[in-house]
Amino acid sequence: QVQLVESGGGLVQPGGSLRLSCEAPGITFSMYPAAWYRQVPGKQRELVASITADGIATHADSVKGRFTISRDNAEKTTYLHMNNLQPEDTAVYYCNVQMIFTYWGKGIQVTVSS
């Protein structure tokens, strides 16, 4: 059973920053692409950013220039660096790792509010 452990969420003021982490112990993490999604109540889960096994990153237009996905294969961890956070970024953020099956974390709340 693959378990992903997310951390780093919380409450931040508009314009602030957070770094989300997603650790994937017990797998050969370096072989697989990973991604971050987010979801607000009543809406579909949306892709925020993805990163290939080789480290090629893509970002949704809504977060380009503010968010950066990265990975540390030695730590078996993917990160989402979020800068200049805005209230519309408030959501539950989920990481996943795409193996034969796609495994998801439990989600972590990010709230942007003054």
Residue 41: within 13 Å of residue 90 (Cα to Cα) and open to solvent by 40 Å² or more (accessible area, probe 1.4 Å), yes or no?
yes
Open to solvent by less than 80 Å² (accessible area, probe 1.4 Å) and out of contact with any Ser or Thr (no Cβ under 8 Å at 6 or more places or on another chain): which single residue out of 62, 113, 70 fits that description?
62
Which condition does residue 52 not pass, out of (1) touching a strand residue (DSSP E or B) at 6+ places or on another chain (Cβ under 7 Å); (2) touching a residue at least 12 places away in the same chain (Cβ under 8 Å), if it passes all the others?
(1)
Which residues, taken from the range 64-109, are touching a residue at least 24 places away in the same chain (Cβ under 8 Å), touching a helix residue (DSSP H, G or I) at 6+ places or on another chain (Cβ under 9 Å) and aliphatic (A, V, I, L, M)?
82, 97, 99
Scope the range 3-22; condition surrounded by fewer than 16 Cβ atoms within 10 Å (Cβ to Cβ) and either under 30 Å from residue 100 (Cβ atoms) or under 11 Å from the mean Cα position of the chain (by Cα) (or both); matching residues
3, 5, 7, 19
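The values are calculated or read from the model by the stated rules, or taken from the named source; none is laboratory data. Worth saying up front: this structure is predicted, and the values here are computed from it rather than measured. Note: ideal-geometry Cβ built from the backbone for every residue, glycine included; neighbour counts use all protein chains shown. Ligands, DNA and RNA are stripped out before the accessible areas are found, and what is left, the full protein with its side chains, is counted by its heavy atoms. Shrake-Rupley method; radii C 1.70, N 1.55, O 1.52, S 1.80 Å.
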